[in-house]
Amino acid sequence: MTVRRASRIPGLQRDDLVRGEAFIDGAWVGAESRISVENPADGLVVGDVPDLGAGEATQAVTAAQDAMPGWQTLTGKARGQVLRRWSELMLAHAEDLARIMTAEQGKPLAEARGEVAYAAAFLEWFAEEARRVNGDILTPHASDKRLTVLRRPVGVVAAITPWNFPLAMITRKAGPALAVGCTMVVKPSELTPLSALALARLGQEAGVPPGVFNVITGQAAPIGDVLTGDPRIRKFTFTGSTAVGKMLAARCMATVKRVSLELGGNAPFIVFDDADIEAAVDGAIASKFRNTGQTCVCANRFFVQAGIHDRFAAALAARVGGLRLGPGLIGAFDQGPLIDARAVAKVRAHIADAVGAGARILTGGQSATVGPLFFQPTVLVDVRPDALVNREETFGPLAAITRFETEAEAIRMANDTSTGLAAYVFTQDMSRGVRLSETLECGMVGLNAGLISTEVAPFGGVKESGMGREGSRYGLEDYLDLKLVCANVA
Ligand code: ADP
């Protein structure tokens, strides 16, 4: 059954990119029961999608399984051509995709445009890599044997993705999966399904065959049960919170699925006395306040050396105080709303905890008047190392600064966390930069750099931040199994 809904997102060139149906086996699938999608900037409904469950999830897995033989026997070049067309269509419709994203997610339109380009770049990158999935011939261990190592697609992939990057977190998985010949079922966040469905629509137009890429919308738990439990799924890839990721990964072990996890971070941002202060402030704004503080690589703990502390804090507060807040579809702003009331409450709780223990607010600290989910970007100083904000990821626009004296102290505090995704170091002493890059327990280091994500480099974390890498040539490995052929030639 098909339920059509007119778009409630203004200014689109193509209203049909706002879908009211899920995408299974190349067909648009509706349902009476609906989930509303709201704009966090004003609470208005911008669309609605089918509230599907375990039955439809199983159908999607069947479709992906059935599509696998045809897709994987295409040449890498042919799969790459489809991925490239898909990427080109994303860019051709970048403005519509950006508006849809801002409407359901809240990020400033300029950032949404940036994410569309970033997301399309994963499809383009893996379109190129599709032709380079090579195996090996090994020197045999016996004269009557020949050893060949094939790299084969793992099989049907299930992906569960978050709301903070509604397109890129899907293409970063779909690019490598489809490039090597896997098929997939994606469950996007229930908060941002419209971007995922627009992506599916463009994939269909790019010639992705039915069943190769499926998007299912609905309740997380029953769909999640299928995606982690169905034995036909051979790989499960998740981006989201640490708690949910751990729980879902544990379920995957019953059928021994390959698992990739991109979970939470608690990134340290370390500024040494010898840092270029302007570069450090630029880096802090980019790392901390992008997506209104809602990225897993956002700086979360600022450690600033005593000699530069006051100057850095004052310069950062001045910049943060000038950030413009507002609804992204209406004007050019630097900060959007937070995703929901729980997110606002967390920022508030982190500030209250720090201030209760003696921290001072340099700027911000309160809800903004723009709307209930807007919060003033905030800078705190004199934050204790054991404050809540230093122990938990805030996922909001709060820069909490803790002072330190020595390099050893900074390293100890930075590594004192169960997660290890990104870390940022600002220093003009390159020996120190190299030392810290090696010593910090994390998957990615920004050395005098606040933005580190690109499709050409491996993204991922250590410790409880996850397992596996996305993007780059390393990102292909998570979708490939090695297969040995030992031939007797006697
Ligand atoms: P966040 O806190 O960033 O929203 P979540 O981990 O809750 O992160 O969400 C990331 C993704 O995980 C979303 O697609 C969400 O629907 C999904 N999810 C959350 N809980 C479950 C669950 N119990 N089973 C399956 N998926 C889930």
- [ ] Report the residue count in region 97-133 for those that are within 30 Å of PRO153 (Cα to Cα) and outside any helix (DSSP H, G or I).
- [x] 1
Open item on the list: If ILE277 meets every condition in (1) buried (at least 24 other Cβ atoms within 10 Å of the Cβ); (2) away from the ligand (no atom under 16 Å from the Cβ) apart from one, which number is that one?
Closed with: (1)
- [ ] Could you pull out every one of the strands (runs of 3 or more DSSP E) wholly within region 298-399 that has 3 or more residues that are surrounded by fewer than 24 Cβ atoms within 10 Å (Cβ to Cβ)?
- [x] 360-363
TODO: Please indicate, with yes or no, whether at least one residue in region 442-456 is closer than 21 Å to CYS296 by Cα, open to solvent by 50 Å² or more (accessible area, probe 1.4 Å), in a helix (DSSP H, G or I) and more than 16 Å from the ligand (Cβ to nearest atom).
DONE: no
Open item on the list: Please determine whether any residue of region 401-408 is crowded, with 17+ Cβ neighbours inside 10 Å, of a type in the set (A, V, I, L, M, F, W, C) and not in a helix (DSSP H, G or I).
Closed with: yes
Task: Looking only at region 140-160, and only at residues there that are outside any strand (DSSP E or B) and either over 22 Å from GLY460 (Cβ atoms) or in contact with a His (Cβ under 9 Å, 6 or more places away or on another chain) (or both), the one that is least open to solvent (accessible area, probe 1.4 Å) - done: ALA142
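The values are calculated or read from the model by the stated rules, or taken from the named source; none is laboratory data. Small disclaimer: the values here were computed from a predicted structure and weren't measured. For neighbour counting, all protein chains shown are included, and Cβ atoms are generated from backbone atoms with ideal geometry for every residue, glycine included. To get the accessible areas, we keep the full protein, side chains included, count just its heavy atoms, and leave off ligands, DNA and RNA. Shrake-Rupley method; radii C 1.70, N 1.55, O 1.52, S 1.80 Å.
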